[in-house]
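Just so it is clear, none of the values below were taken in a lab; they were calculated from the coordinates. On a predicted model such as this, the values are computed, not experimentally measured, just so you know. Neighbour counts are summed over all protein chains in view; Cβ atoms, including those assigned to glycine, are modelled from backbone coordinates with ideal geometry.
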Amino acid sequence: MAVFSNKSVLVLGGSRGIGAAIVRRFAAEDASVVFSYAGSRESAEQLANETGTKSVMADSADREAVIDLVRNAGPLDVLVVNAGVALFGDARELESDDIDRLFSININAPYHAAVEAARLMPEGGRIIVIGSVNGDRMPMAGGAAYAVSKSALQGLARGLARDFGPQGITVNIVQPGPVDTDMNPAEGPMKELMHSFMAIKRHGRPEEVAGMVTWLAGPEASFVTGAMHTIDGGFGA
Ligand code: NDP
């Protein structure tokens, strides 16, 4: 039997990019997968049809929507919080409301989703949040808010790992470097600069990140918790 047969997996932000690769990978491994989306209804419906998964519209900026989504999904074996937004620009010029929205999606939603999931999660449950190597290293100006949000996830993992450890639930952060998605296209204007920081001078593929996520969600990772798992082509080396 496949490792994830009969396992219930919820992916927050699964309609595109890394999240879609995670949905595809769990579906291919026979899990029962529900994923959320906010703006990309068409992509979400297409992915759900292709993979036999279920898509649900739920804006991660809305705390109650996130909590309801997790609660309505029932007892989860695996929660993956992938939904995230990036906002770059001079900190003195960015709109405060936009920064607060980023914090809501990138910090508040993972926290509330993780806590809600842990209320019903069985022993052996897995909580995995997609952070960023920018939680460790922000080598460019203009990314402070994004870096704050991804560093905050490190505290989330360390703290909640201790809260949920006695229940046999692990909490981990996956920290990608540049990955080829709509958020960070491999042929985008920042390509040369980003690759200059890396040991492996290319963007990662969403499937490479999905591979790390499924390993953390599987039985081989039962002793791994409260930890950051960087997959960045050496961006932070
Ligand atoms: P994309 O912008 O390509 O995709 C983002 C996904 O998150 C989409 O499915 C989107 O759904 C969903 N999402 C965004 N905002 C919301 C929201 N408010 N509510 C629900 N879902 C939402 O990004 P990536 O795939 O590149 O990024 C995925 C994660 O990986 C993010 O957390 C990002 O910070 C992180 N990351 C990405 C890196 C990269 O280089 N690409 C590097 C390091 C980390 P929809 O379109 O339906 O709103």
Worksheet item: Given the Cα-Cα distance of Ser222 and Ser151 and 0.36 nm per residue of separation, how much length would full extension add, in nm?
Response: 23.2 nm
Worksheet item: Near Ile169, within a Cβ-to-Cβ distance under 15 Å, what is the net charge of the other residues, with Lys and Arg +1 and Asp and Glu -1?
Response: +1
Response to the item:
Applying the gyration tensor rule to the Cα atoms of the range 85-237 (axes a ≥ b ≥ c; rounded if a/c under 1.5, else prolate if a/b exceeds b/c, else oblate), the class is oblate
Item to complete: List the residues whose amide H sits under 5 Å from the amide H of Phe35, counting only those 5 or more places along or on another chain, with H placed 1.01 Å from N in the peptide plane.
Response: Val11, Lys54, Ser55, Val56
Item to complete: Specify the angular offset, from 0 to 90 degrees and rounded to the nearest 10, of the alpha carbon long axis of helix 63-72 from the longest principal axis of the alpha carbons in the chain.
Response: 30 degrees
Worksheet entry | 14 Å beta-carbon shell around Thr230, net charge (K/R +1, D/E -1) | -1
Worksheet item: Under 13 Å from a point 7 Å along the Cα-to-Cβ line of Ala86: which residues of the range 172-194 have their amide N that close?
Response: 176-194
Worksheet item: Quick one: putting +1 on the C-beta of Lys and Arg, -1 on the C-beta of Asp and Glu, what dipole do you get for the range 8-231 around its Cα centre, in Debye to the nearest 20?
Response: 500 debye
Worksheet item: For Glu207 and Arg158, what is the calculated FRET efficiency with R₀ set at 30 Å and r taken between the beta-carbons, to the nearest 0.05?
Response: 0.60
Item to complete: Using only Cα atoms, tell me the angle between helix 206-217 and the longest principal axis of the chain; keep it within 0 to 90° and round to the nearest 10.
Response: 40 degrees
Discussion item. Set the bar at 30 Å for Cα to Cα. Now go through Lys150/Lys201; Lys150/Lys191; Lys7/Lys201; Lys54/Lys201 and name every pair that lies beyond it.
Written reply: Lys7/Lys201; Lys54/Lys201
Discussion item. How tilted is helix 144-164 with respect to the longest principal axis of the chain? Cα atoms for both, answer in degrees (0 to 90, nearest 10).
Written reply: 30 degrees
Worksheet item: Could you give me the ³J(HN,Hα) list for the range 229-236, computed from phi with Karplus coefficients 6.51, -1.76, 1.60 and θ = phi - 60°, whole Hz, x at Gly and Pro?
Response: 10, 8, 9, 9, x, x, 3, x
Worksheet entry | Residue-by-residue Karplus 3J(HN,Hα) for the range 57-62, coefficients 6.51, -1.76, 1.60, Hz, glycine and proline x | 6, 7, 7, 5, 6, 9
